[in-house]
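Bear in mind these aren't lab numbers, they're just calculated from the coordinates by the rules spelled out. Model, not experiment: these values are computed from the prediction. Counting neighbours? That spans all protein chains shown, and the Cβs are built from the backbone with ideal geometry, glycine included.
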């Protein structure tokens, strides 16, 4: 049995040798020996509760000034951009309104034309001929009673 | 050694190559210099032409309005569907899809047109009109087709005539280019069409438009308001058409005018045309360009007697009651053509001459006055002069100069001309000229300018209007008012008892004169006439003057033109809401009192100058009492009568001497106060 174990060990050693050779080929750094190092840790409690905080007034002033300058710059930029932007927007709106007005005026013209056509003497005569009858000479035409008269008669009943 | 020689040769070759390259670069540099510097302008212009395109933006044509403000002609902005044939890949498929949408009956025709413009004789064209004035629905459907169908929409305008054929000869029409070719549209074309604008756009290599800007805004045309009344115009056209057909005439015209200011209320011609038709028939095209009322003068015939009689009275040579011997129907003239009357008349007074329309009577008046006076009065009435109405190609009529320049001058009056001109021969006038002449009688002796335009305005962009002044020639006095009133009275009798009975209007008094000029053509007299009737109503304060002319009719003026006058005048008076001055049911056949012969008048004068007793007013009558006009001048009488609303008839001149009915009477409806004036008490 020892012979078999030895054989297996021999096979394993061979595989390991091949793998190590492959690993070596892949990256030499992994095989580099680490230097011997020792770490020393030292812990000491520090009390800073009574340490006074130094006020950096100058820095604050600088910060405020920077902020103000940035805000002013932003405002100026906005104001500068606002005018053309508004102008652009308004002119666009104006053009739209102009176009709308032109369209409406054109529609008005078309409607006026249609109205004139409907109220032309020819149309009115045609309409009258279709809807009304000219009474013969001497005929008595009884007009229908007024609504108020009808209502009064109904109320009496 | 060999190596050194080789390297020197290589160096030489390199230098030669470099030299050639430098030379080429120099050539390129020179050409660049030429293109960029020397010919910069030329190429810049060529590039500009290729990239920037300028299109004209048509101005919106002004409106033509009737006197009630309704449009007679109006332009509406529309869009037309167009296609670039070069961008159509498959003309057959395109035509099959697009033709039903745009209303083309035969798609193959559209496909053929596309093929022609793609590869035919018109190859290269980038424009094909698919449909003019597309509707919103059509636009939506065409847009939905997508980019496979490169249909564009081009701005366009449509001229609309909402009243159809009504007033066609007044309003006119426009041609395909939008320019007027008849009527007001032609005469005032420059003012109506406005000023076109300019639009530029930037185009790519394929001529795709991707940026555009307005170079010059278009200025819309002026709006023009006319004196035309749509209802009177419509009825005038209708009654004229009926009259032409009934009388068997070939053509005719009707002019209705306000005698007080010359405003033309209606101007109708027959045959007429439809201004909406873009492709008129040959007959319509002919009618479109012949406005008979202003362009075609004709012999007025007996209506000219009105002027002759007026001349006789105004010059003081004759009075209405002056007797004239009418030669029993034939007036032989030594060495000249004899003058005949239709009927045989013996003695007629001047009124009778006009009422019976005696040629001999007016010829004698003209003989007594002489040619110079007749010519002067013809001119006073505006015969032979353009009226200045705002319609194209107005004729001045025909009135030859009375005085000859020399013995060889043939274009002047002969020694007999004034005899024939007295009854409307050897002279021609248009219907508008006749309307102006009769207006002189109707308005009391003022020559007015017939005109159509009563207002102009320039539309603003915000839909408003800026009114513009209209220049109208003020009326000019050419006659004494007494003469005009006397002739007016005579003309009323023409309607009541003379040749114009068919012109009597129920409910209104009317005056007029018939005319029937026989047509002389190709050396012989035809059995056809230019029948006419000129008249006014109501007699006491005329509101309308109507002239009716029917050309080449076998009937006479009293039978053919007078009925048309009656119908047109009746409508016009109703539309203008003129109060009736006669009983409506029974048209007055005779005035309450007619002028009597000289001897009888004297007796009547004497009788009336005695203080008449005022009859007791009838309880049924209400209204102002007739004042005492005696002893007052004409102007004062007319002023007071107008204030009281009393219809007055005047005869003579000077101061009022007699009146009927007497002062204090209340007038019955339809009655008039007759006042006789004379210079001597």
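Using R0 = 25 Å, the C-beta based FRET efficiency linking residue B:289 and residue B:177 works out to 0.90. For chain B, the share of DSSP beta bridges that are antiparallel, to the nearest 5, is 90%. As a proxy for reagent exposure, ranking B:326, B:298 by other Cβ atoms within 10 Å from fewest up yields B:298, B:326.
Legend: ranking of residues B:417, B:212 from fewest to most surrounding C-beta atoms inside 10 Å; resulting order B:212, B:417. Spin-label model, residue B:92/residue A:101: points 7 Å from Cα along the beta carbon direction are separated by 5.3 nm.
Based on alpha-carbon atoms, the Kirkwood radius and the radius of gyration of segment A:36-140 give Rg/Rh equal to 1.77. Taking other Cβ atoms within 10 Å as a rough exposure proxy, B:406, B:349 sort from fewest to most as B:406, B:349. Using a Gaussian network model of chain A in which every pair of alpha carbons under 10 angstrom is joined by a spring, one finds that among A:143, A:55, A:102 the greatest mean-square fluctuation is at A:143. With R₀ set to 41 Å, the beta-carbon distance separating residue A:154 from residue A:118 gives a calculated FRET efficiency near 0.65. Note on chain A: GNM, Cα springs under 10 Å; of A:18, A:51, A:64, the largest mean-square fluctuation is that of A:18. Can you grab the distance from the C-alpha centre of segment B:456-470 to the C-alpha centre of segment B:633-681, Å, no decimals? Each part reduced to its Cα centre gives a spacing of 47 Å.
One quarter of the surface of the convex hull around the alpha-carbon atoms of segment B:478-525 equals 5.4 nm², the direction-averaged projected area. Centroid-to-centroid, using Cα positions, segment B:368-427 and segment B:24-93 are 56 Å apart.
With the largest listed first and rounded to whole Å, the semi-axes of the equivalent ellipsoid of chain B from the Cα gyration tensor are 74, 28, 24. From helices alone, the protein assembly as shown scores -13000 deg cm²/dmol at 222 nm; the rule is -39500 (n - 2.57) for each run of n ≥ 4 DSSP H residues, then divide by the residue total.
Note on chain A: with a GNM built from Cα contacts shorter than 10 Å, the maximum mean-square fluctuation among A:73, A:138, A:129 falls on A:138. For chain B, the longest principal axis of the Cα atoms and the long axis of helix B:91-102 meet at an angle of about 30 degrees. Relative to the longest principal axis of the Cα atoms of chain B, helix B:305-314 runs at roughly 60 degrees. Here the relative contact order of segment B:302-349, from alpha carbon pairs under 8 Å that lie six or more residues apart, stands at 34 percent. The protein assembly as shown has equivalent-ellipsoid semi-axes of 95, 39, 29 Å, by the square roots of 5 times the alpha carbon gyration tensor eigenvalues, sorted largest first. Go ahead and run the numbers for FRET between residue B:527 and residue B:414, Cβ-Cβ distance against an R0 of 30 Å, rounding to 0.05. Calculated value: 0.65. Against chain B, whose longest principal axis comes from its Cα atoms, helix B:431-442 is set at around 40 degrees.
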